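Colleague: Questions regarding the structure given below will be posed in turn.
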Amino acid sequence: MLKMILSIAGKPGLFKLVSQGKNMLIVESIADKKRIPVYAKDKVVSLGDIAIYTEDEEKPLYEVFNAIREKEEGKIVEINTKDKETAFAYFEKVLPTFDKDRVYANDIKKIISWYNILTADGMADFSPKEETEEK
């Protein structure tokens, strides 16, 4: 599921891939459902391609989202992510082995924001599609 969810530099929120055209993508905002074109010059990242540094390996974002969902019992995270210490303390409870030298407060803020956007939209299944199909 996360492969189809995109973060676009310079645009707030998350977007769902709807269609592909020549030299562009058509995406839909998860928040307001408006569709916009995204061109090759825009920096686009699939959430399925993001991983978080830990002390011994990189954890795929879906595993981090699942850990947050488990901790929050499927509810939205309600912490002050503007406070660096609070964000780090929260993330340490979710992913105790995250690399504190390579994961920044802004990264944690984005992850929590993305989790909240997806959870609010009812997207609670963060497992990769291949694993879901096998089960």
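Colleague: From ALA40, ALA67, grab the single residue that is of a type in the set (A, V, I, L, M) and in the same structural domain as ALA124 (by TED's automatic domain parsing).
Modeller: None of the others qualify; the one that does is ALA67.
Colleague: Filter the range 72-93 for residues that are assigned to a helix (DSSP H, G or I) and farther than 13 Å from ASN116 by Cα and give the result.
Modeller: LYS84, GLU85, THR86, ALA87, PHE88, ALA89, TYR90, PHE91, GLU92, LYS93
Colleague: Another question about this same structure. Restricting attention to the range 96-104, does a residue exist that is outside any loop (DSSP other than H, G, I, E, B), in the same structural domain as ASP125 (by TED's automatic domain parsing) and without any contact (Cβ under 8 Å) to a residue 60 or more places away in the chain?
Modeller: Yes - at least one qualifying residue is present in the range 96-104.
Colleague: Got a sec? Which of LYS16, LYS11 is surrounded by 14 or more Cβ atoms within 10 Å (Cβ to Cβ), outside the structural domain of LYS110 (by TED's automatic domain parsing) and assigned to a strand (DSSP E or B)?
Modeller: Result of the check over LYS16, LYS11: LYS16.
Colleague: Tell me the residue from ILE117, ILE30 that is in contact with a Gly (Cβ under 7 Å, 6 or more places away or on another chain), assigned by TED's automatic domain parsing to the domain that holds LEU6 and not polar (S, T, N, Q), please.
Modeller: Within the list ILE117, ILE30, the selection yields ILE30.
The values are calculated or read from the model by the stated rules, or taken from the named source; none is laboratory data. The structure presented is a predicted model; accordingly, all values stated were derived computationally and were not measured. Positions of Cβ are generated from backbone atoms using ideal geometry, with glycine treated the same way; all protein chains shown enter the neighbour counts.
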